[in-house]
1. Could you tell me whether the stretch 115-131 includes any residue that is closer than 24 Å to residue 32 by Cα, within 12 Å of the chain's Cα centre (by Cα), assigned to a loop (DSSP other than H, G, I, E, B) and touching a residue at least 24 places away in the same chain (Cβ under 8 Å)?
2. Restrict the check to the stretch 30-41 and report whether at least one residue is surrounded by fewer than 14 Cβ atoms within 10 Å (Cβ to Cβ), over 12 Å from the mean Cα position of the chain (by Cα) and closer than 13 Å to residue 133 by Cα.
């Protein structure tokens, strides 16, 4: 079986960013338009808010479903956010499954990637591909 990581299709998870921010700088607080592109080519746009939670830390808030997505912290040259996502992915048989997800993106906002951060709940084969994402100032 393969697991489809839809990014935000469930409306509960989506927290990666690609922003137009200076390299090696914390992302500026503000409002952003998030776009995810799943392995199947499905895209989804979400309004997000980014707030500072201190040096090297940003808090992400999904404005569409009024959900705090968590804190992304700088690890090396990327922001990293680990999150438990109820019904955050779909197996090939259509089952929605809970997943531990990891969102990573460069400090300048490029190269956003949403991946599993734990076992594949569908068993056997890995994900059907990765979900990439962007977030640009609104």
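Each value in this text was obtained by applying a stated rule to the coordinates, not by laboratory testing. Keep in mind it's a predicted model, so treat the numbers as computed, not measured. For neighbour counting, all protein chains shown are included, and Cβ atoms are generated from backbone atoms with ideal geometry for every residue, glycine included.
1. For the stretch 115-131, residues closer than 24 Å to residue 32 by Cα, within 12 Å of the chain's Cα centre (by Cα), assigned to a loop (DSSP other than H, G, I, E, B) and touching a residue at least 24 places away in the same chain (Cβ under 8 Å): present.
2. Yes, some residue in the stretch 30-41 is surrounded by fewer than 14 Cβ atoms within 10 Å (Cβ to Cβ), over 12 Å from the mean Cα position of the chain (by Cα) and closer than 13 Å to residue 133 by Cα.
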